[in-house]
Amino acid sequence: MPKTTILDIYKKKAEGKKITMLTAYDYPFAQIVDQAGIDMILVGDSLGNVVQGVANTLPVTMDEMIYHTKMVSRAVQSGMVVGDMPFLSYQTGSRDAILNAGRFLKEAGADCVKLEGGSQMAPVIRAIVDAGIPVVAHIGLTPQYIHMLGGFKVQGKDEAAREKLLADAHAVQDAGAFSVVIEAVPASLGKEITAALRIPTIGIGAGPDCDGQVLVIHDLLGLFDRFTPKFVKRYANLKEQALSAVQQYKKEVESEAFPGPEHSFK
Ligand code: KIV
């Protein structure tokens with residue numbers, strides 16, 4: 001399978017074919033996601049929530065993102081690996097942003113980076129793109145702005161907020177982003193932004209009309225149950241299955257049913 005490039009992502013929008021994106025944070029999950037043929041594999045800073053067990057994504061560091069992105073890149077043969085820029089790795093100016101985005105490609109094998117923010121991040125997006133690093137923008141509910149947004153709330157609900165998000169979408173496109181994640185907005189706004197842009201939109205809680213969809217793999221597989229946003233669909237219940245496997249192991253060790261002769265050396 002050849003590696004997915006930004007041209008393949010553009011082509012999918014042009015042909016009206018849906019783009020698939022999922023997160024992965026380590027080798028085994030990245031292998032599963034890649035073998036399933038997912039187009040874009042996001043090493044999201046959501047790993048703060050679902051892997052590290054912290055309350056939000058703010059504590060996640062560049063070094064941690066590089067560590068996880070390396071594991072993912074080693075597993076991926078065909079998907080496009082997207083390194084998610086953590087809080088304060090790009091908000092401090094274009095020079096920091098280029099250097100940190102560059103680390104994802106130089107050290108960790110990512111194919112592009114993602115960062116949060118609309119119009120206010122346009123100069124930073126332009127600088128990273130000018131350095132030869134493709135950028136996925138992220139607008140709507142942007143978890144790194146959680147304290148400004150006052151919580152994990154649906155964005156773009158009134159007319160002024162809709163217009164601001166539409167302006168943000170145009171600003172990140174004009175700055176050179178090759179696609180944009182739109183999180184937690186009314187479906188009608190996801191549709192409007194998608195129709196207005198040349199670049200593909202990838203929705204998470206932005207309705208069915210975006211050019212693609214993204215979910216956090218731990219949500220999709222039922223591995224994370226601390227909170228489940230409305231936009232998540234659970235396709236499996238792996239936490240329950242894993243718990244019951246571990247309980248069974250405990251029982252068998254205690255009752256001496258494991259290890260059996262087939263697990264022992266002569
Ligand atoms: O960090 C992440 O996983 C994300 C997705 C939810 C889009 O930003």
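The values are calculated or read from the model by the stated rules, or taken from the named source; none is laboratory data. The structure displayed is predicted, hence computed values, not measured ones. For neighbour counting, all protein chains shown are included, and Cβ atoms are generated from backbone atoms with ideal geometry for every residue, glycine included. These accessible areas exclude ligands, DNA and RNA; they are computed on the full protein's heavy atoms, side chains included. Shrake-Rupley method; radii C 1.70, N 1.55, O 1.52, S 1.80 Å.
What a 1.4 Å probe finds exposed on the chain is 58% carbon and sulfur by accessible area, rounded to a whole percent. For the range 131-212, the spread of Cα coordinates along the three principal axes comes to 35, 26, 21 Å, biggest extent given first. Using C-alpha pairs below 8 Å separated by at least 6 residues, the relative contact order for the range 30-168 is 20 percent. Distance from the alpha carbon centroid of the range 204-249 to that of the range 156-196 works out to 26 angstrom. Once the 1.4 Å probe is applied to the protein heavy atoms, the chain comes out at 49 Å² accessible per residue. Excluding Leu88 itself, what net charge comes from residues whose Cβ is under 12 Å from its Cβ, given Lys and Arg +1 and Asp and Glu -1? After counting each charged neighbour, the total is -3.
Accessible area of Phe231 (1.4 Å probe, protein heavy atoms only, ligands and nucleic acids ignored): about 70 Å². Looking at the range 6-235 alone, DSSP beta bridges between its own residues are antiparallel in about 5 percent of cases. For the set Leu149, Leu88, solvent exposure ranked by accessible area (probe 1.4 Å, protein chains only) runs largest to smallest as Leu88, Leu149. Principal axis extents of the Cα atoms in the chain, from largest to smallest and rounded to whole angstrom, are 69, 39, 38. Among residues other than Ile146 with Cβ under 14 Å from its Cβ, the summed charge is -2 (Lys and Arg +1, Asp and Glu -1).
Secondary-structure-derived ellipticity at 222 nm for the chain, considering helices only, amounts to -12000 deg cm²/dmol, per-run term -39500 (n - 2.57) for DSSP H runs with n ≥ 4.
Taking only the Cα atoms of the range 136-266, the radius of gyration and Dmax are 22.0, 75 Å.
Taking Cα centre as origin and charging only the Cβ of basic (Lys, Arg, +1) and acidic (Asp, Glu, -1) residues, the dipole magnitude of the chain rounds to 300 debye.
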